[in-house]
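The values are calculated or read from the model by the stated rules, or taken from the named source; none is laboratory data. Predicted, not measured: the structure shown is a model, and the values here were computed from it. Because the Cβ atoms are built from the backbone with ideal geometry, glycine has one as well, and the counts that use them run over all protein chains shown. Note: accessible area is taken over every heavy atom of the protein model, side chains too, but ligands, DNA and RNA are not part of it. Shrake-Rupley method; radii C 1.70, N 1.55, O 1.52, S 1.80 Å.
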Amino acid sequence: MLLTKLHIPPAGNNVVRRLSLHEKLNSGLSRKLILVSAPAGYGKTTLLSDWIIHAEIPAAWLSLDNGDNDPAVFFNYLISGIQSIHKEFGQSALRLLNSPNSPSVESITSLLINEILNIKRNFLLVLDDFHLIKNNEVLKLVSYLLEHIPGNIHIVILTRSDPALSVSRLRSQHQLVELRSSDLSFSTNDIFVLFNKKLKLGLSVDDVYALETRTEGWIAGLQLTALSMRGRENIPKFIQDLKGDNRYIMDYLMEEVLKVQTDDIKDFLLQTSILEQLSAPLCNSVLGRNDSQLILETLEKNNMFVIPLDAERTWYRYHHLFADLLKQRLLLQSDSNLERLHNKACAWYYENSLPELAINHALVTRNFEQAIMILSRNVERMWEIGQHSAILRYGNLLPDEVIKGNHEFALYYSWILITTGQAAESEKYLHYAQKAIDSVIRGDGSAKKDIPDNKFLFGKLATTLAYMKLFSAPPETIIKYSEIAINNLSGSNPLWIGWAWYFIGNAELVRGDVYKGLDAFNRSLEHSKKTDNIYLIATITSAIVSRRCALGQYRNAFALCADTLSLMSRRGFSGIAKVEWTFTGLFSMMSVIQCIWTNYDEALENAKTAYRLSENARDIRYKIMALLACSYALHAVDDKEGAFDKIGELEDVLNRYKIAPFLAATYIGWKIYLLIEKHEIDKAADFAKEVGLGHDLKITFETLYSYIYFARLLLRQNEYIRAEELMSEIYVIAKEANGIERLIDLKLVYVLMYLSRNEHEKALSEIIDALEMAADENLIMHFLFDLDQTSVLLNEVYRRYADGKTRISDSFMQKFRLAVDSKIRQSKRSRDLGLSTREIGILKFIAEDLSNQEIADKMFISINTIKTHLKNIYLKLGVDSRTKAVKKAKLLSLV
């Protein structure tokens with residue numbers, strides 16, 4: 001970390017104090033944002049620095065550069081800057097950042113906002129040179145911070161152009177103070193003070209007015225003019241010769257300034273312009289001299305656009321505009337001279353443990369071998385501290401062959417490509433590693449030369465190959481890669497071992513062994529908890545929970561979700577779960593569980609949270625889980641239209657990505673059910689054919705869900721023999737795995753089959769068996785899907801329960817009857833009034849006095865759709881207002 005970036009630049013000895021602008025800045029101490037936007041050379045930094053120092057305002061200052069377009073780097077500097085105000089600030093966020101988590105911008109920013117609230121003083125956060133920020137994630141970060149900013153912090157942005165932030169909204173909310181070039185330009189009075197009182201140049205009033213006319217108060221131009229005037233006899237003529245726009249004047253004045261320098265100083269200025277920051281040891285090394293400290297101090301003293309970056313005068317930088325002009329002139333020199341300077345700078349930075357700066361200089365001269373050498377020694381650290389954007393950037397700049405030949409960089413670069421959905425792209429970089437590992441699997445040693453000497457590196461490469469091939473290779477291949485990984489890794493690599501066991505778990509599930517899969521997941525979770533990698537912990541927990549639910553172990557699954565959220569809280573990440581996309585899976589599964597338990601309000605709230613989190617998810621599985629959970633929750637509250645809409649949204653995602661069999665089976669089975677419910681049997685049959693059901697059946701526990709609903713479809717098509725054969729096969733697999741939920745689902749299909757044959761006693765036996773299985777885990781929702789057909793059995797179920805002829809518990813039966821009665825009443829009212837289930841849902845929200853926007857948010861639909869439904873509700877109830885609609889709904893017991 002370059003601490004010089006956090007230093008408040010001194011205003012300088014010749015600063016012109018501009019009290020009227022200070023007053024305007026003071027008004028910003030009660031606003032969210034102070035925006036100082038003007039082209040280069042208008043004194044933005046100097047003005048803010050002078051104001052802060054003169055008014056003794058607590059401030060965290062961050063001088064931005066191109067490297068800050070990496071969100072992890074930006075966050076680290078941001079936190080370090082605020083630590084100058086409050087030493088304990090940001091510890092939890094740093095732990096999360098300095099790990100391979102790739103946490104979302106919202107989660108880190110939320111953590112920081114909560115900690116800012118604990119700082120018991122007002123302060124400024126100054127972001128200088130903000131125009132250099134182009135990264136959307138960093139811009140989103142600052143937007144989110146501005147939107148949720150606590151009252152004790154005020155952000156100051158210094159920029160050459162207006163940032164891509166909601167400036168107009170802040171302006172309309174009176175939360176913005178703006179300074180533009182027209183405000184910053186020197187007046188004739190300012191020019192008089194600078195030239196005559198500060199620099200003692202003795203300009204006449206006419207000269208001052210002429211300068212103001214020629215430069216329009218442009219401060220950088222005025223400063224260069226002052227440097228150019230030294231030793232001149234005819235100052236009025238020199239001023240009259242200044243013509244053209246600012247760029248022309250700047251070029252002209254630069255020539256004048258350089259003309260009066262000695263050749264030695266001129267060379268120093270030009271050759272050091274390649275350096276973003278200057279120190280005497282660095283300049284001495286690059287230029288082969290030993291007097292750089294004296295030169296730097298002399299340049300500063302002579303106002304030569306040299307800015308000290310620390311109190312000790314160890315580090316400096318040139319004014320950005322001055323540096324740009326110097327670089328333009330340096331480029332006119334020979335390429336070999338430029339290459340020599342960059343190579344020396346690269347060597348000095350590398351020897352002084354500043355690898356990122358060394359790499360940048362190597363890349364400028366296309367010295368790719370040097371760049372990859374430095375990267376290979378630092379890429380693991382960069383990956384571990386979350387600098388994934390930087391690794392991607394370097395990977396995009398390096399030739400493919402260079403990357404392929406370096407196992408270390410290829411490993412981490414490929415991992416990041418896979419996590420960002422570019423698994424196919426990563427394959428070419430792991431070519432040599434795959435050859436080596438495949439030869440180990442075959443035992444022929446044909447690629448021995450490609451096997452790294454480092455066992456840990458070999459193990460990590462094997463883990464990455466398993467990740468890359470997770471959804472494309474046979475499960476046996478994934479298991480072999482993962483086992484090689486585990487055999488080469490050690491207890492000091494819990495993160496990598498955790499991932500390897502996770503991949504084994506997925507492969508075992510594909511092979512159909514749910515218990516081996518769960519055992520591998522549990523081992524993975526055990527290793528993952530030794531790390532702070534919330535992504536790995538949340539991913540494994542979601543996988544375990546979804547499979548436990550399939551086995552009917554809902555209480556255990558829900559407890560595991562709660563335990564994981566509690567673990568995050570104990571580790572200092574409280575509050576992060578509802579803003580971090582990695583928790584999408586947990587909230588999705590909690591929503592499904594609460595639907596099954598008929599806790600509809602909680603189910604909808606968790607589905608809404610999962611849906612919101614999934615919008616930022618980098619893992620496509622989470623988007624799918626959230627959309628399935630939303631569809632299920634909406635259906636549970638009888639919003640069948642909304643449930644089907646979410647399936648449509650899900651299919652937009654599926655068209656672009658390949659997904660795991662378990663998720664695919666869930667989507668397929670659920671869509672078939674929804675189509676059957678809509679009486680669109682032909683569409684359901686076409687869909688089943690399209691996804692491959694009915695041909696060469698490959699049934700595993702992972703895919704049972706889709707086949708259970710395919711069996712329902714076959715019954716509706718009167719294909720009883722095919723249906724019964726399929727159901728028998730499903731039963732064997734579900735029974736072998738002791739998959740309670742799947743057995744319940746299957747038994748309910750048997751109930752429908754027996755009812756269609758008028759075999760009521762067999763149907764009754766099956767539904768009682770299913771209820772007895774469901775009682776321990778409180779699985780109610782399954783029985784509410786087909787009440788229009790199964791309700792004829794319920795009186796006899798209740799009688800046998802009352803006679804003690806079932807093993808159904810009292811508490812479960814009580815909840816079951818309440819849920820059934822409520823569902824039947826609601827369906828009857830809906831039919832009688834002609835109101836759709838969605839319209840009844842809207843009525844309930846109106847009764848709670850929710851606004852149209854709040855209802856839209858809760859129901860996952862647009863506000864225009866809500867307005868359309870309201871018109872239909874008024875028409876059907878014969879009313880003309882919300883109040884009358886609620887009154888009528890209460891009379892009819894709708895709410």
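Among the residues of region 617-672, those identified as within 18 Å of Gly421 (Cβ to Cβ), in contact (Cβ under 8 Å) with a residue 12 or more places away in the chain, not aliphatic (A, V, I, L, M) and not in a loop (DSSP other than H, G, I, E, B) are Arg621, Tyr622, Lys623.
Gly217 satisfies every condition listed in (1) open to solvent by 50 Å² or more (accessible area, probe 1.4 Å); (2) at positive phi except (1). Among the residues making up region 52-75, those that are open to solvent by 30 Å² or more (accessible area, probe 1.4 Å) and either assigned to a loop (DSSP other than H, G, I, E, B) or basic (Lys, Arg) (or both) are Glu56, Pro58, Asp65.
Condition check for Leu124 on (1) surrounded by fewer than 21 Cβ atoms within 10 Å (Cβ to Cβ); (2) in contact (Cβ under 8 Å) with a residue 60 or more places away in the chain: one failure, at (1).
Residues considered: Gly90, Gly81. Of these, the only one that is farther than 30 Å from Gly41 by Cα and of a type outside the set (Phe, Trp, Tyr) is Gly90. Quick check on Gly395: is it within 29 Å of Lys134 (Cα to Cα) and in contact (Cβ under 8 Å) with a residue 12 or more places away in the chain? Against the criterion (within 29 Å of Lys134 (Cα to Cα) and in contact (Cβ under 8 Å) with a residue 12 or more places away in the chain), Gly395 qualifies.
Yes or no: region 874-882 includes at least one residue that is assigned to a helix (DSSP H, G or I) and over 30 Å from Gly648 (Cα atoms). Yes: region 874-882 contains one or more residues that are assigned to a helix (DSSP H, G or I) and over 30 Å from Gly648 (Cα atoms). Assess whether Ser99 counts as being of a type in the set (Gly, Ala, Ser), at pLDDT 90 or above and either on the phi < 0 side of the Ramachandran plot or surrounded by fewer than 17 Cβ atoms within 10 Å (Cβ to Cβ) (or both). When the stated conditions are applied, Ser99 does not pass them. Taken together, Tyr318, Tyr350 contain a single residue that is aromatic (Phe, Trp, Tyr) and open to solvent by 60 Å² or more (accessible area, probe 1.4 Å), which is Tyr350.
Of everything listed in (1) in contact (Cβ under 8 Å) with a residue 40 or more places away in the chain; (2) within 21 Å of Leu784 (Cβ to Cβ); (3) open to solvent by 40 Å² or more (accessible area, probe 1.4 Å), the single unmet condition for Lys828 is (1). Scanning region 545-571 for residues that are assigned to a helix (DSSP H, G or I), open to solvent by less than 30 Å² (accessible area, probe 1.4 Å) and either closer than 24 Å to Leu746 by Cα or acidic (Asp, Glu) (or both) yields a count of 7.
Cβ-Cβ distances below 7 Å connect no pair with a first residue in region 538-563 that is under 15 Å from Asn522 (Cβ atoms), a second residue that is charged (D, E, K, R) and open to solvent by less than 10 Å² (accessible area, probe 1.4 Å), and a separation of six or more residues or different chains. Would you be able to say whether some residue in region 792-802 is under 42 Å from the mean Cα position of the chain (by Cα), among the polar types (S, T, N, Q) and modelled with pLDDT of 85 or more? There is no residue in region 792-802 that is under 42 Å from the mean Cα position of the chain (by Cα), among the polar types (S, T, N, Q) and modelled with pLDDT of 85 or more. Mind checking which residues of region 803-825 are surrounded by 17 or more Cβ atoms within 10 Å (Cβ to Cβ) and outside any helix (DSSP H, G or I)? Once the filter is applied, which keeps residues that are surrounded by 17 or more Cβ atoms within 10 Å (Cβ to Cβ) and outside any helix (DSSP H, G or I), region 803-825 yields Thr806, Ile808. Among the residues here, Ser542 qualifies as crowded, with 24+ Cβ neighbours inside 10 Å, in a helix (DSSP H, G or I) and among the polar types (S, T, N, Q). Every listed requirement among (1) touching a Gly at 6+ places or on another chain (Cβ under 7 Å); (2) at pLDDT 90 or above is met by Asp639 save one, (2). Between Ser49, Ser27, the distinction of being assigned to a helix (DSSP H, G or I), out of contact with any Lys or Arg (no Cβ under 8 Å at 6 or more places or on another chain), surrounded by fewer than 22 Cβ atoms within 10 Å (Cβ to Cβ) and at pLDDT 90 or above belongs to Ser27 only. Asp849 passes all but one of (1) closer than 24 Å to Leu875 by Cα; (2) open to solvent by 40 Å² or more (accessible area, probe 1.4 Å); (3) in a helix (DSSP H, G or I); which number fails? Status for Asp849: all satisfied but (3). One residue stands out in region 260-317 among those that are under 26 Å from Asn343 (Cβ atoms), in a helix (DSSP H, G or I) and polar (S, T, N, Q): the one that is nearest to the chain's Cα centre (by Cα), namely Ser273. Pairing each residue of region 687-700 that is within 14 Å of Leu726 (Cβ to Cβ) with any residue that is open to solvent by 50 Å² or more (accessible area, probe 1.4 Å) and at pLDDT below 75, provided the two are 6+ apart or on different chains, yields no C-beta distance under 8 Å. Of note, Ser107 does not satisfy the criterion of being closer than 17 Å to Gly572 by Cα, touching an Asp or Glu at 6+ places or on another chain (Cβ under 6 Å), not basic (Lys, Arg) and not in a helix (DSSP H, G or I). For first residues located in region 834-857 and on the phi > 0 side of the Ramachandran plot, partners that are acidic (Asp, Glu) and open to solvent by less than 10 Å² (accessible area, probe 1.4 Å) and lie 6+ apart or on another chain with Cβ distances below 6 Å do not occur. Annotation: of all residues in region 579-609 being assigned to a loop (DSSP other than H, G, I, E, B) and within 28 Å of Lys640 (Cβ to Cβ), the one that is most open to solvent (accessible area, probe 1.4 Å) is Asn599. Mind checking whether some residue in region 528-537 is within 24 Å of Ala603 (Cβ to Cβ), free of Cβ contacts under 8 Å to residues at least 12 places away in the same chain and among the hydrophobic types (A, V, I, L, M, F, W, C)? Within region 528-537, not a single residue is within 24 Å of Ala603 (Cβ to Cβ), free of Cβ contacts under 8 Å to residues at least 12 places away in the same chain and among the hydrophobic types (A, V, I, L, M, F, W, C).
Screening Glu356, Glu380 for residues that are out of contact with any Gly (no Cβ under 9 Å at 6 or more places or on another chain), open to solvent by 40 Å² or more (accessible area, probe 1.4 Å) and either under 26 Å from Phe75 (Cα atoms) or not polar (S, T, N, Q) (or both) leaves exactly one candidate, Glu380. In region 281-293 there is no residue that is crowded, with 19+ Cβ neighbours inside 10 Å and touching an Asp or Glu at 6+ places or on another chain (Cβ under 7 Å).
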